[in-house]
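Worksheet for the structure shown next.
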Amino acid sequence: MADRVTVIGWDGSPLTAAARSALGAATLVAGAAHHLALPEVPAAAERIRLGSVALAARRIAAHRGTAVVFADGDPGFFGVVRTLRAPEFGLEVEVVPAVSSVAAAFARAGMPWDDAQVVVAHRRTLRRAVNVCRAHTKVAVLTQPGAGPAELGLLLEGVHRTFVICEELGTDREQVTVVTSDKAADHSWRDPNVVIVIGGPVAPPGTAAEGGGWIAGRDPSAGPRGWALPAGTYGGGLGEGETDLLRAAQLARLGPRVGDLVWDIGCGSGAFAVEAARAGAAVIAVDRNLEACARTDAAARRFGVQMQIVHGSAPHILENLPEPDVVRVGGGGAAVVSAVADRRPQRVVAHAATRDAAELVGRDLTEHGYQVECALLQSVELDTRVWTETERSVAFLLSGLLPGRAR
């Protein structure tokens with residue numbers, strides 16, 4: 001096992017005395033090519049090109065001597081420290097920190113970043129990173145080869161964003177470029193890079209004007225308290241499939257969260273779409289009625305949430321939409337449910353007014369391999385001044401879960 005492991009964060013500035021001292025005693029140095037080319041790296045030290053951090057950690061664990069590992073930016077922020085400190089390697093790590101590449105990118109752009117979401121994009125998580133960019137107005141994306149600005153732009157098709165692309169921060173080749181997301185695929189970008197993704201003009205309600213907020217990222221206290229808000233919150237006139245208690249059950253079954261893409265088919269007033277977006281998920285709201293699309297857009301603006309609104313009739317309009325994680329079918333019946341199930345989302349919810357319609361939907365989900373649950377929901381609203389019934393609502397709630405579908 002290595003006698004000592006020092007992780008040096010590198011942001012392009014001259015090495016500190018602590019970093020130079022650790023390098024001077026190093027018998028093994030791991031890092032990217034530009035790290036290993038630094039003049040302070042001892043000529044006699046074993047050198048490892050840092051690709052897989054886990055593989056490098058195994059070699060360091062087997063090394064007898066003193067090891068140094070370089071990392072761009074702050075190595076404790078989405079960096080190598082977590083892997084090196086994993087129990088299977090048994091390494092004791094000292095860290096020489098540096099400015100994180102995210103902080104450097106926002107500094108180069110002249111922007112505050114306490115209100116930004118920060119995500120890592122690689123081939124396995126690229127789609128989820130894109131969903132965060134769909135849902136939030138300010139996102140920093142730490143990219144990797146194959147999951148860079150071009151790929152982000154391609155997957156954001158239909159959603160306008162501004163990209164601030166910071167290439168090779170801290171080097172002589174550092175460059176900051178501002179492009180729209182639809183133009184990002186027209187260029188070749190140098191690694192490593194950080195992409196700041198800026199959304200539309202919508203600001204969450206309650207955003208602090210002067211002095212900033214009190215918590216990094218999305219403020220959980222923005223907007224009204226509670227979920228499945230009553231019809232009056234959305235201006236009234238909600239459809240029969242949008243009652244607050246039915247929405248509450250649908251939200252509970254789907255559990256939308258950050259990184260998810262939610263389809264709301266037959267969005268109506270936008271009540272469900274807004275509440276899914278308030279949970280941090282990316283939302284595509286679909287309706288064949290232009291007035292419904294306009295109402296959904298107005299609701300999204302009122303609540304300060306981002307979503308994509310698509311006017312068209314399901315199931316045909318669904319063919320070119322990006323892959324969903326969870327889906328609410330608010331209209332269209334079994335034909336739309338069948339088209340949704342063909343896309344294999346992890347969870348689907350739908351409702352029906354009659355038992356026959358519910359059985360038809362449930363049978364279709366079962367044939368597609370979903371585990372199906374059905375509940376008859378009945379709610380009765382009372383006037384508490386005289387304790388008399390004012391409204392009664394009955395609906396069959398169907399939910400399908402696809403076994404084996406991750407997340």
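So, in region 1-11, of the ones that are open to solvent by less than 60 Å² (accessible area, probe 1.4 Å) and out of contact with any Phe, Trp or Tyr (no Cβ under 7 Å at 6 or more places or on another chain), which residue ends up farthest from Leu169 (Cα to Cα)? Give the steps one after another, and end with the answer.
First, the residues of region 1-11 that are open to solvent by less than 60 Å² (accessible area, probe 1.4 Å): 2, 5-11.
Okay, now just the ones that are also out of contact with any Phe, Trp or Tyr (no Cβ under 7 Å at 6 or more places or on another chain), so 2, 5-7, 9, 11.
On the way: Ala2: 31, Val5: 25, Thr6: 22, Val7: 19, Gly9: 13, Asp11: 7 Å.
Filtering region 1-11 for residues that are open to solvent by less than 60 Å² (accessible area, probe 1.4 Å) and out of contact with any Phe, Trp or Tyr (no Cβ under 7 Å at 6 or more places or on another chain), the one farthest from Leu169 (Cα to Cα) comes out as Ala2.
Gly369 meets each of the listed conditions (1) within 16 Å of Leu401 (Cα to Cα); (2) surrounded by 15 or more Cβ atoms within 10 Å (Cβ to Cβ) apart from (2). For region 58-81, the criterion of being within 26 Å of the chain's Cα centre (by Cα) and assigned to a strand (DSSP E or B) is met by at least one residue.
Is it the case that Gly51 is closer than 28 Å to Val195 by Cβ and either under 36 Å from the mean Cα position of the chain (by Cα) or in a strand (DSSP E or B) (or both)?
On the way: closer than 28 Å to Val195 by Cβ: yes; either under 36 Å from the mean Cα position of the chain (by Cα) or in a strand (DSSP E or B) (or both): yes.
Yes, satisfied.
I'd like to check something: does region 12-21 contain any residue that is over 18 Å from Val96 (Cα atoms), among the small types (Gly, Ala, Ser) and either surrounded by fewer than 21 Cβ atoms within 10 Å (Cβ to Cβ) or without any contact (Cβ under 8 Å) to a residue 12 or more places away in the chain (or both)? No, every residue in region 12-21 fails to be over 18 Å from Val96 (Cα atoms), among the small types (Gly, Ala, Ser) and either surrounded by fewer than 21 Cβ atoms within 10 Å (Cβ to Cβ) or without any contact (Cβ under 8 Å) to a residue 12 or more places away in the chain (or both). Tell me, yes or no, whether region 238-254 has at least one residue that is at positive phi and surrounded by 13 or more Cβ atoms within 10 Å (Cβ to Cβ). Checked region 238-254: no residue is at positive phi and surrounded by 13 or more Cβ atoms within 10 Å (Cβ to Cβ).
Screening Thr171 with (1) part of a strand (DSSP E or B); (2) more than 21 Å from Ile284 (Cβ to Cβ) gives one miss only, at (1). For region 85-121, filtered to residues that are touching a strand residue (DSSP E or B) at 6+ places or on another chain (Cβ under 7 Å), part of a loop (DSSP other than H, G, I, E, B) and open to solvent by less than 40 Å² (accessible area, probe 1.4 Å), the residue that is nearest to Ala57 (Cα to Cα) is Leu91.
Only one residue in Gly200, Gly259, Gly266 is modelled with pLDDT of 85 or more and under 22 Å from the mean Cα position of the chain (by Cα). Which one? Let's see the steps before the verdict.
Working: Gly200 fails: modelled with pLDDT of 85 or more; Gly266 fails: under 22 Å from the mean Cα position of the chain (by Cα).
After applying the criteria, what remains is Gly259.
Screening Arg385 against (1) within 21 Å of Trp263 (Cα to Cα); (2) out of contact with any strand residue (DSSP E or B) (no Cβ under 6 Å at 6 or more places or on another chain) leaves a single unmet condition, (1).
Identify all residues within region 345-366 that are open to solvent by 20 Å² or more (accessible area, probe 1.4 Å) and under 17 Å from Val327 (Cβ atoms); write none if there are none.
Narrowing region 345-366 to residues open to solvent by 20 Å² or more (accessible area, probe 1.4 Å): 346-347, 351, 353-357, 359-360, 363-364, 366.
Gln346, Arg347, His351, Asp364, Thr366 - these are the residues of region 345-366 that are open to solvent by 20 Å² or more (accessible area, probe 1.4 Å) and under 17 Å from Val327 (Cβ atoms).
The values are calculated or read from the model by the stated rules, or taken from the named source; none is laboratory data. Remember, predicted model here, so these are calculated numbers, not experimental data. Don't worry about glycine lacking a Cβ; one is built from the backbone with ideal geometry, like all the others, and counts go over all protein chains shown. For accessibility, only protein heavy atoms count, side chains too; no ligands or nucleic acids. Shrake-Rupley method; radii C 1.70, N 1.55, O 1.52, S 1.80 Å.
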